[in-house]
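First the structure, in the form of structure tokens, and then the observations on it.
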Amino acid sequence: MMPQINISRLHNFVTESRKLFERYLGELVEIPTVSADPAREKDILKGAALAASYLTEMGARAELVRTEGYPMILGHFDASSDDPTLAIYHHLDVQPATPSSDWLHPPFKFTTTMDGHYLGRGTTDDKGPALAALFAARFAHEEGIPINIKFIWEMEEEIGSPHFEAAIRSKSADLHPDSILVQDDAWISRQKPSITYGIRGLMTAIMTLTTAERDAHSGLVGGAARNPLAELCQVISQCLDPLTGRVKISGFYDKVRKPTPQELKELEKIDFQICEFKKAHGLRLLRVEEARRIMLATWYEPTFEVHGLVGGYPGSEIASVIPHKAEAKISTRLVPDQDPVEIFELVKDHVARINPEVVVKLDSTLAPYLTEFSGPYAQAAKEAIVFGFDLEPVFIREGLSIGSVASMQSLWPVPIVLLGLSLPEHGYHAPNEYFDWPQASGGIKTLVYYFHRISKGIA
């Protein structure tokens with residue numbers, strides 16, 4: 001007979017685990033595992049080794065998987081070959097913490113507040129949720145819940161997961177899950193948990209225009225020389241209406257899958273608070289001030305964004321030079337059934353018609369992901385959140401992109417559940433990022449219930 005969850009033991013375990021959770025999280029956060037910075041390679045390796053040691057200390061079998069880039073960490077809580085196998089994905093690399101002047105505390109100095117907030121880069125994205133899952137797995141393993149749990153901890157998610165698929169293919173026989181759990185997304189609010197059944201894809205590119213051999217004095221050549229910064233601004237203005245967010249590229253919306261009546265009905269259950277949305281993300285102005293339109297725009301529709309415009313004098317004062325070269329860093333967030341490579345070609349052709357001298361180079365692509373928000377795994381996730389937080393979740397699509405999801409889906413055609421623990425105000429990729437103990441402790445309980453629920457075997 002399968003063991004039942006002993007509520008009293010679980011409560012005591014969570015309470016007694018807090019100090020160790022905080023020590024683990026603090027040690028991880030103070031290692032700046034910034035995958036985008038080559039100078040942090042030693043820190044990435046140090047962080048991977050520390051994470052592997054945590055798995056071992058918790059009773060798992062741990063291994064470091066070499067890749068052509070940074071290593072991946074696998075953890076195995078083994079039960080029996082006859083029991084279901086769950087793969088749990090997290091990433092332990094983090095975004096850069098710049099500009100540091102925007103931080104109210106040192107980004108790589110772990111700080112705990114009196115109200116249970118854990119401050120530092122990576123606390124919520126994704127080190128805190130990863131450790132909550134680890135503690136939940138330890139409890140499940142010690143309680144004899146019949147499920148094999150395989151942790152997959154990546155160190156390259158923030159740079160597009162370039163070596164992830166090759167790494168999991170090399171270990172597929174040892175992992176080979178019956179289902180997958182991904183924890184790298186956020187709830188709608190602290191009072192409204194959400195379970196994600198779809199995420200947007202991504203295409204990133206760089207537009208470059210070179211008009212001279214070197215920068216020149218505007219007093220000597222201004223009026224005759226071409227200004228690549230100004231010309232790139234013109235190109236961008238013909239790609240996007242900045243006030244409405246509508247993309248002007250022909251064919252861009254042709255394959256967009258519209259939300260179903262059932263999806264729109266699910267949106268009606270959400271008490272979406274615009275003021276809280278603005279506050280959580282530090283937004284002063286929005287393109288629209290209607291809740292339904294905001295949810296559709298951020299979860300169900302594609303985007304075109306400009307992330308950086310580079311060229312000319314970089315200092316704070318004005319130097320009257322005309323730059324010889326300019327770059328624009330752009331991305332498109334894509335929805336089912338848009339293909340990132342096809343969208344890149346549309347962007348490239350559109351730009352060529354406006355200004356054929358602008359070079360558009362593809363940087364990266366991620367496919368969108370969409371599954372059903374019904375069925376036994378979705379129901380198990382819903383029950384787990386009610387158990388762990390005493391709150392009723394809703395099912396949503398998310399606006400973010402997670403490269404590993406598409407890779408795992410292609411390798412293992414099994415159910416994937418996205419069950420995050422982070423909140424909007426925790427500050428994904430933002431200054432003053434934090435996590436908190438209520439989300440961690442509730443998350444441990446949620447995951448223990450989820451492990452128990454799916455260990456019964458779901459047809």
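Among the residues of segment 178-192, at least one is loosely packed, with under 14 Cβ neighbours inside 10 Å, within 30 Å of residue 89 (Cα to Cα) and within 30 Å of the chain's Cα centre (by Cα).
Filtering segment 183-203 to residues that are more than 25 Å from residue 150 (Cβ to Cβ), in a strand (DSSP E or B) and hydrophobic (A, V, I, L, M, F, W, C) leaves 202, 203.
Screening segment 336-438 for strands (runs of 3 or more DSSP E) wholly inside it with 2 or more residues that are touching a residue at least 12 places away in the same chain (Cβ under 8 Å) and within 30 Å of residue 228 (Cβ to Cβ) returns the ranges 359-366. Residue 159: modelled with pLDDT of 95 or more, under 30 Å from residue 325 (Cα atoms) and either surrounded by fewer than 20 Cβ atoms within 10 Å (Cβ to Cβ) or hydroxyl-bearing (Ser, Thr, Tyr) (or both), yes or no? Against the criterion (modelled with pLDDT of 95 or more, under 30 Å from residue 325 (Cα atoms) and either surrounded by fewer than 20 Cβ atoms within 10 Å (Cβ to Cβ) or hydroxyl-bearing (Ser, Thr, Tyr) (or both)), residue 159 does not qualify.
Going residue by residue through segment 122-141, is there one that turns out to be under 19 Å from the mean Cα position of the chain (by Cα), assigned to a loop (DSSP other than H, G, I, E, B) and among the β-branched types (Val, Ile, Thr)? Among the residues of segment 122-141, not one is under 19 Å from the mean Cα position of the chain (by Cα), assigned to a loop (DSSP other than H, G, I, E, B) and among the β-branched types (Val, Ile, Thr), which makes the answer no.
If you filter segment 11-31 down to residues that are crowded, with 20+ Cβ neighbours inside 10 Å and of a type outside the set (S, T, N, Q), you find that the one that is farthest from residue 160 (Cα to Cα) is 14.
Please name all residue pairs, on different chains or six or more residues apart, with Cβ atoms under 7 Å, provided the first residue is in segment 287-313 and is under 25 Å from residue 402 (Cβ atoms) and the second residue is crowded, with 17+ Cβ neighbours inside 10 Å and among the charged types (D, E, K, R). These pairs meet every condition: 299/397; 299/398; 300/397; 302/333; 303/333. The single residue among 164, 151 that is crowded, with 20+ Cβ neighbours inside 10 Å, more than 28 Å from residue 9 (Cα to Cα) and at pLDDT 95 or above turns out to be 164.
Of the strands (runs of 3 or more DSSP E) lying entirely inside segment 1-110, those containing at least 2 residues that are in contact (Cβ under 8 Å) with a residue 60 or more places away in the chain and under 30 Å from residue 381 (Cβ atoms) are 72-77, 85-91.
Let's see how each residue does on (1) among the charged types (D, E, K, R); (2) over 17 Å from residue 32 (Cβ atoms); (3) in the same structural domain as residue 34 (by TED's automatic domain parsing); (4) in contact with a helix residue (DSSP H, G or I) (Cβ under 8 Å, 6 or more places away or on another chain):
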{"residue": "127", "(1), (2), (3), (4)": "yes, no, yes, yes"}
{"residue": "132", "(1), (2), (3), (4)": "no, yes, yes, yes"}
{"residue": "136", "(1), (2), (3), (4)": "no, yes, yes, yes"}
{"residue": "141", "(1), (2), (3), (4)": "no, yes, yes, no"}
{"residue": "147", "(1), (2), (3), (4)": "no, yes, yes, yes"}
{"residue": "153", "(1), (2), (3), (4)": "no, no, yes, yes"}
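Residue selection: residue 124 satisfies the criterion of being touching a Ser or Thr at 6+ places or on another chain (Cβ under 8 Å) and in contact (Cβ under 8 Å) with a residue 60 or more places away in the chain.
For segment 300-335, the candidate set comprises residues that are of a type in the set (S, T, N, Q) and part of a strand (DSSP E or B); within that set, the residue that is surrounded by the most Cβ atoms within 10 Å (Cβ to Cβ) is 332. Among the criteria (1) more than 30 Å from residue 219 (Cβ to Cβ); (2) in contact with a strand residue (DSSP E or B) (Cβ under 8 Å, 6 or more places away or on another chain); (3) modelled with pLDDT of 95 or more, the one residue 336 does not fulfil is (3). Based on what the data block shows, is residue 433 at pLDDT 95 or above, in the same structural domain as residue 23 (by TED's automatic domain parsing), of a type in the set (Asp, Glu) and surrounded by fewer than 19 Cβ atoms within 10 Å (Cβ to Cβ)? No; evaluated as a whole, the condition is false for this residue.
Selection of segment 99-113 for residues being farther than 17 Å from residue 436 by Cα and among the hydroxyl-bearing types (Ser, Thr, Tyr) yields 100, 101.
The values are calculated or read from the model by the stated rules, or taken from the named source; none is laboratory data. Keep in mind that this is a model prediction, so the values were computed, not measured. Heads up, the Cβs are rebuilt from the backbone with ideal geometry, glycines too, and the neighbour counts pull from every protein chain shown.
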